[in-house]
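The values are calculated or read from the model by the stated rules, or taken from the named source; none is laboratory data. It should be emphasised that the depicted structure is a prediction, and the values quoted were computed from it without experimental measurement. Because the Cβ atoms are built from the backbone with ideal geometry, glycine has one as well, and the counts that use them run over all protein chains shown. Surface accessibility is based on the protein's heavy atoms, side chains included, excluding ligands, DNA and RNA. Shrake-Rupley method; radii C 1.70, N 1.55, O 1.52, S 1.80 Å.
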Amino acid sequence: MNSALQSTQNSSPRLLDADVLTSSPEPVNGVPDNCTGELYRRMLDLTYHAGRVKMELALVNNFAEMVTIDAEIVELHEPGPCYYPDLKAALEDMRDTRLLVATVVNNIDLAIRNLESQTSKIFIQGNFARFPDEIFGMIFEFAGFGDLRSAINISRVCRRFRNIALSTPLLWSRIHLRGRWIEEAKARADRTRSSMPSLSLVIDARSGHHPRDTLYSDYRLVILDFVCDHALRITSLEMDLEYLYDGHSSWSEYSTITLPYLVYMKLSAFYSEFSDTDAFAQREELWQEYRDWNMPMLRTLHSVNMFPDFPANVLSKIKTYRLEIRKEYDDSYLHWTLSSLAGYLSQMTSIEDLTISSLNLMDEHFPPEDIPKVQMVSLRRLSLKFSDYRKTHFKHFFDAFESGNLRSLSINVPSECIPDLEQWSEELWNVHRFPTLTDVRFVIRPLFNVGELRSDPRLTILDRFLAAFPKLQDIYFECVSDESHPFSFSNSLCAMHFKNCNLLDRWDQQWWISYCKSAYRKTHGEELDRCLILDGADRGAYGRTPVIEKTANSIQDINLWREAFVE
């Protein structure tokens with residue numbers, strides 16, 4: 001048997017001769033005949049060795065079964081000490097065999113990956129004409145997204161690609177107004193002429209010109225003229241307001257633009273400050289004429305470092321709002337307080353989806369003042385990401401809003417909150433505050449040192465949510481590893497996803513928690529960063545999937561950890 005395995009091991013590296021296929025010349029015109037002959041001989045070797053490996057391993061498997069049966073029979077006869085050398089020799093042979101088999105499996109895996117790549121490439125080449133146009137359309141959307149030159153190159157490959165490209169609106173409808181490429185933008189807009197509005201415009205400072213450079217004031221006028229010319233076709237608009245301001249004129253003639261089909265707008269104010277006395281008062285360096293635009297269909301608003309100062313009739317129709325607060329270390333680029341944030345959100349009486357990222361809970365944002373609770377009756381989905389953690393301010397933030405119809409809650413918070421999780425799960429997240437809650441996503445970002453914990457935070461928060469919300473259907477919980485790894489996770493199981501929780505009674509839910517206690521223990525040799533999935537609709541289904549977008553630390557968190565480590 002050892003000789004059989006040895007021959008298998010000696011021949012298995014020949015499987016990698018498949019590499020020759022990727023480098024050998026194709027049998028095309030101009031290629032010498034000896035190259036084609038070499039490829040043919042290598043192909044014969046490949047198929048022969050692949051079949052031989054299969055036969056040899058089948059023989060090895062038969063011998064392994066015989067060894068198992070022989071060992072069981074020998075055990076029934078209760079061999080004495082005189083047979084120790086023979087048993088020891090058989091044991092060593094099987095251990096060596098396992099090492100050889102592991103090597104064989106590794107070589108087989110390498111060959112499989114190589115052959116899969118080649119067969120996939122040849123299959124696509126041979127079945128090119130059979131691929132539906134819809135598949136190519138989806139591929140082209142990603143290949144030429146936001147780049148007119150890529151879209152044009154795709155359309156020049158062949159007649160079929162040209163027809164597919166011209167019939168794919170998204171390939172031509174997203175226009176990035178940058179640099180001096182205004183002519184390219186106009187060409188792109190002309191190519192997407194249709195009866196339906198579909199233009200998506202992006203205006204920012206990535207052109208390489210400084211916003212205060214007066215040499216490019218005329219270029220900004222050209223950009224705004226472009227917006228006016230295509231106002232009836234624009235459905236999405238992203239603007240850097242600081243870039244549009246040149247420091248010389250307000251361009252008030254552009255304050256009366258009407259965008260009848262605009263449904264999405266993103267406004268950015270990078271590195272801008274706001275008045276300390278009025279959170280909504282923008283600096284003069286921000287272009288402000290947008291506030292008077294007529295946008296009757298605007299429903300989705302995304303702002304970066306600013307509260308867009310729209311009139312009440314515009315804000316009251318917003319369905320989806322995302323506020324993004326950029327910061328450097330502990331300094332936010334948006335001056336805000338809890339009262340100013342609550343006052344702004346109170347104007348969005350129709351809001352259904354609210355996302356706020358990088359909320360800083362420092363004292364300057366929570367001055368001592370009485371804040372009337374904001375009634376957000378229409379809110380259905382709430383997503384919050386906190387850049388730091390302060391116990392008192394964390395509670396004050398949730399107390400400032402009343403959202404009794406909330407169905408989906410997503411919270412992303414540093415691991416400094418772990419000691420308070422049990423208290424918060426009782427005071428903040430209960431059925432009295434959120435009676436209709438059905439979906440929960442709770443992510444705790446890992447830090448280096450969170451101190452001694454009295455209880456397991458994962459099981460605490462899971463048990464509290466399951467007990468507090470009988471209608472809860474879906475809960476995803478992602479938490480720091482047991483080792484408090486500073487950069488990401490390092491245990492085999494870093495997240496849990498419970499589906500259809502409402503289909504289980506309380507006893508079954510408790511059993512789930514008990515099962516998680518053992519499942520969360522690190523098992524050496526298992527794949528890292530896995531998510532345990534439990535489904536109440538099928539109580540016997542317990543799966544583990546990789547965590548694709550695991551929550552890692554920010555650069556600031558890593559630097560703080562390094563400083564603490566050095567000290």
Every listed condition ((1) at negative phi; (2) among the acidic types (D, E); (3) not in a helix (DSSP H, G or I)) holds for E78 save (1)
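Mind listing just one residue for me: the one in segment 387-423 that is touching a Pro at 6+ places or on another chain (Cβ under 7 Å) and buried (at least 17 other Cβ atoms within 10 Å of the Cβ) and, of those, nearest to P368 (Cα to Cα)? Explain how you work it out, then say what you get.
Taking segment 387-423 first, the residues touching a Pro at 6+ places or on another chain (Cβ under 7 Å) are 388-389, 404, 415, 418, 421.
Among the residues that remain, those that are also buried (at least 17 other Cβ atoms within 10 Å of the Cβ) are: 388-389, 415, 418, 421.
On the way: D388: 19, Y389: 18, S415: 26, I418: 26, L421: 25 Å.
Result: Y389.
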Restricting attention to segment 69-93, which residues are free of Cβ contacts under 8 Å to residues at least 40 places away in the same chain and either surrounded by 11 or more Cβ atoms within 10 Å (Cβ to Cβ) or in contact with a strand residue (DSSP E or B) (Cβ under 8 Å, 6 or more places away or on another chain) (or both)?
-> D70, A71, V74, P79, Y83, D86, L87, A90, L91
Output for segment 303-326, where each listed residue is among the hydroxyl-bearing types (S, T, Y) and assigned to a loop (DSSP other than H, G, I, E, B) = S316
Search segment 218-245 for residues being at pLDDT below 80 and open to solvent by 10 Å² or more (accessible area, probe 1.4 Å), and hand back the single one that is nearest to the chain's Cα centre (by Cα).
-> E242
Test L421 against the criterion of being at pLDDT below 80, under 22 Å from H393 (Cβ atoms), not in a helix (DSSP H, G or I) and not aromatic (F, W, Y), and give yes or no.
-> no
If you go through segment 50-60 one residue at a time, do you hit one that is within 30 Å of F131 (Cβ to Cβ), under 43 Å from the mean Cα position of the chain (by Cα) and either without any contact (Cβ under 8 Å) to a residue 40 or more places away in the chain or open to solvent by 90 Å² or more (accessible area, probe 1.4 Å) (or both)?
-> no
Which pairs do you get when a residue that is closer than 15 Å to F161 by Cα, found in segment 118-132, comes within reach of a residue that is modelled with pLDDT of 80 or more, reach meaning Cβ atoms under 9 angstrom, with the pair 6+ apart or on two chains?
-> A129/R160
